[in-house]
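The values are calculated or read from the model by the stated rules, or taken from the named source; none is laboratory data. Quick caveat, the model's predicted, so the values are computed rather than measured. Note that each Cβ is placed from the backbone with ideal geometry, even for glycine, and that neighbours are counted across all protein chains shown.
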Amino acid sequence: MKAEMINCFGEVQNLFRRAGCGAALLALLSACGGGSGGGTSTPPTPVAPVETPRYLLGGTVSGLLPGASVVLANGTEKLTVTANGPFSFAGKLAAGAAYQGKVDSASAGLGCSIAQGAATMGSADVSTLAVRCLPIVLAGVQERIQRVDGMVQDGAGNYYIADASAHVIHKLAPDGRLSIHAGIPGKSGAADGPAASATFYLGGSLALLAIDGKGNLYVADNCNGLVRKITPDGVVSTLAGQRRANCSATQAGPDGVPGYVDGTGGQAQFGLITSMAMDRNGDLLLVDDGPAQIRRVTPDGVVSSINKMIGESVGHMAVDANGVIYLSNGRGNKVYRLANGVATSVAGSPITSGYDGKGTDASFTRVRGMVFERSGNLLLADRESIRRMTPDGEVTTVVGRHVPDATGKYVEWKNLTHILLEDSGSMLVYDFTLQRLSRVDAANRISTVPAMPGDAGQVDGVGAVARVGTLKASAMCSDPSGNTYLLDAANKVLRRLAPTGKLEVYAGIAGRAGSDDGPRLSATMQNPAAIACGADGAVYFADRAPNSYALNLRKITGDGIMSTIEQLPHTSVSVQQYALAVDKDGYVTWTVSGGNGIHRRPPGGVFSLFVSFEALLSDIADSNPGLPSIFPYSMVFDSKGDMYFDDYYHQVIFKVNRSGAVSVFAGTLYSTKNADGAPGVGSLSFSGFPSLIIDQADNLYVSGQDGVRKIDTAGVISSPQMAWGNPIVEVLAFGNGTLYGYTARAIIQMPLP
């Protein structure tokens, strides 16, 4: 018995050292007969393990359309939700565990965001995740081609269309199939290689393509300052030119002196290429608007200049079967022939009326596109008409403003800029204003090309029935309730787009010009030019003054009464862009491109200069004298009353506090690398026209940067992934937690967290 006790206590000591477990020790002592009296022991009562409390993570989903779904994620767990209402993830979380709910994906055509998605679990179920979904297209019909900046056709009947806004070359097959031939939509760059991964920085020229007899495409990559080549098997290379630092450098070199240099390959420098044509020997001819010269580029990339000898700027050109060059002048009212180094006037006069006739008896409105028929006659895209000119200068109108089509109707073209001749004899023309491709057959029957039906103007309706026309950066704003207001200068009205997708006239009388104040639907306007929405629901807009080039500031109160406040400061320069903004306290700011600065009006006061562009240029120590000024496209205020504006020339966003102190808020001067990061590290490409908005958390969003970029309150740039993908968004607005964007003929939307 003593030996058994010794062995048993030895086991106890070993177990104590190995486990340190009180329950195990008691059990073994019991087995050893421990305790008073020894003998048979009673088995211990089992102790149940203590479970750590765990809780459900969930919330609510709203905005799902019938048949649609959204996939939510928290870590590795995913949940598919198919109906509006409450949801919960299956896995429970312990108190103190971190969670981060995200939208993983959603049905096609649907954009969703999640608010209050990240936090730490407490000691109860969480049901506060708020998932909000919206249809991506709110109104209108989204088109794939933003605009036509160059157009050619190959021997197989395929059309190639340069879309400078998207930095891509589209391919339109004879059967109507549309695809991207080269470039990445919305991404600027100068990468050579396979067409699908190559990048371009096309800029805003109007004639960017040429094609040779072997099917090689030539691209005027204007912002890069390069001539690029695309082979028939889809390989992109740089034929000639030195890459520029940024798009605004087309105006001058770093020393302010234009840099246009002949040479081979990378030794050559180009200005702004405005027209291209193939010579019969396989050389590429182009019009360089910088030196106003004709440049010749051989297949080996040797660049030389031709003396144009017409005594004025050059517009566009075409080459006949004999290699003779025909040129329009910059104004588009004369056509010259350049042969053997001698330029002679063939037709046209200083009058821009579009009369038929011979030589100087004929007149043109504005010639932009030129192509030769096999007969040797020259077809001209002349603003509102297609004209034909014989070699001896006899000009007739084929169809257009004064000549009806085959049905007897007069075509309402606005601004023809491109013309192609098909093998069938039909013509393909592009209207830059209407953004429409039309085919004209030999019998003058006119049809619209389905791939680009164009701008039908603004038409009231709901969703896809509505038409939103073409908008500029200052032509759209949203109020706190999420109503979006669109300028319709052509019809002299403002339209309101409700969150339901309903578009209707909000103010003015369609088609009636005037300056009458009063109730919004009986008031009239002359030519609205810029718009801004106030925090109180009021809408401000700039409107042309009666019988004047001046602009007035007008206001529509929240209860619908329109009034004229005062004349806006203006400049005598040719204005390309206006920007208007209003802060939470009613301070209004105004600027124009080419102006001397930003003017501000306090409530009840008058406008005065708030930000001097001359002083700002001095403060930032502008090192590029080729950039004449500050060039803002958009302005916006945050909740504190600080103002932000972009500068297209210097590639940064400036911040202005209430006292007028200006600082660089985001981006890096002269850098267009499009990198995320803090000021001085991050950069903006300004590859498109910028539009600024501020969300409810004072985050800044800016378009025209190879997509929409986000800038937080510290000036840190990021590239958020949007459910709408990467369309070319030209105008932004924000209201009621929703980001609105204008892309080709549609208003798209995205709920923000």
(message) Of the conditions (1) β-branched (V, I, T); (2) farther than 23 Å from D441 by Cα; (3) surrounded by 15 or more Cβ atoms within 10 Å (Cβ to Cβ), I351 satisfies every one except a single condition; which number is it?
(response) (3)
(request) Pull up region 493-523, narrow it to residues that are without any contact (Cβ under 8 Å) to a residue 60 or more places away in the chain, within 25 Å of the chain's Cα centre (by Cα) and part of a loop (DSSP other than H, G, I, E, B), then point me to the one that is surrounded by the most Cβ atoms within 10 Å (Cβ to Cβ). (result) A498
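The rows are residues; the columns are (1) at pLDDT 95 or above; (2) among the hydroxyl-bearing types (S, T, Y); (3) farther than 18 Å from Y740 by Cα.
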residue	(1), (2), (3)
K472	no, no, no
C477	yes, no, no
L486	yes, no, no
A489	no, no, yes
L494	yes, no, no
T500	yes, yes, no
S515	yes, yes, yes
(request) Determine which single condition V592 fails, assuming it passes every other condition in (1) under 27 Å from the mean Cα position of the chain (by Cα); (2) exposed (fewer than 14 other Cβ atoms within 10 Å of the Cβ). (result) (2)
(request) Give the residue, chosen from T365, T344, that is β-branched (V, I, T) and more than 15 Å from K308 (Cα to Cα). (result) T365
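Based on this model, can you work out whether G359 counts as loosely packed, with under 15 Cβ neighbours inside 10 Å, more than 21 Å from D279 (Cβ to Cβ) and of a type outside the set (S, T, N, Q)? Let's see the steps before the verdict.
Details: loosely packed, with under 15 Cβ neighbours inside 10 Å: yes; more than 21 Å from D279 (Cβ to Cβ): yes; of a type outside the set (S, T, N, Q): yes.
In short, yes.
When you look at G482, is it surrounded by fewer than 22 Cβ atoms within 10 Å (Cβ to Cβ) and modelled with pLDDT under 95, yes or no? Quick ask: steps written out before the conclusion?
Working: surrounded by fewer than 22 Cβ atoms within 10 Å (Cβ to Cβ): yes; modelled with pLDDT under 95: no.
No; evaluated as a whole, the condition is false for this residue.
Given the criteria buried (at least 19 other Cβ atoms within 10 Å of the Cβ) and either more than 24 Å from the chain's Cα centre (by Cα) or hydrophobic (A, V, I, L, M, F, W, C) (or both), does A532 qualify?
Numbers: buried (at least 19 other Cβ atoms within 10 Å of the Cβ): yes; either more than 24 Å from the chain's Cα centre (by Cα) or hydrophobic (A, V, I, L, M, F, W, C) (or both): yes.
Yes.
For the structure I just gave you, tell me whether V636 is touching a strand residue (DSSP E or B) at 6+ places or on another chain (Cβ under 9 Å), assigned to a strand (DSSP E or B) and either closer than 19 Å to V582 by Cβ or of a type in the set (A, V, I, L, M) (or both).
Working: touching a strand residue (DSSP E or B) at 6+ places or on another chain (Cβ under 9 Å): yes; assigned to a strand (DSSP E or B): yes; either closer than 19 Å to V582 by Cβ or of a type in the set (A, V, I, L, M) (or both): yes.
In short, yes.
Using the structure shown, decide if Q526 is touching a residue at least 24 places away in the same chain (Cβ under 8 Å) and farther than 27 Å from Q749 by Cβ. Steps first, answer last, please.
Working: touching a residue at least 24 places away in the same chain (Cβ under 8 Å): yes; farther than 27 Å from Q749 by Cβ: yes.
Criteria met by Q526.
Give the number of residues within region 432-448 that are touching a Lys or Arg at 6+ places or on another chain (Cβ under 6 Å) and free of Cβ contacts under 8 Å to residues at least 40 places away in the same chain.
Applying the first criterion (touching a Lys or Arg at 6+ places or on another chain (Cβ under 6 Å)) to region 432-448 yields 433-435, 447.
After this cut, where a residue has to be free of Cβ contacts under 8 Å to residues at least 40 places away in the same chain as well, the list is 433-434, 447.
Going through region 432-448 one residue at a time, the tally reaches 3.
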(message) If I go through region 295-307 residue by residue, how many of them are more than 12 Å from F270 (Cβ to Cβ), β-branched (V, I, T) and part of a strand (DSSP E or B)?
(response) 2
(request) Restricting attention to region 423-447, report how many residues are buried (at least 16 other Cβ atoms within 10 Å of the Cβ) and of a type in the set (D, E, K, R). (result) 3
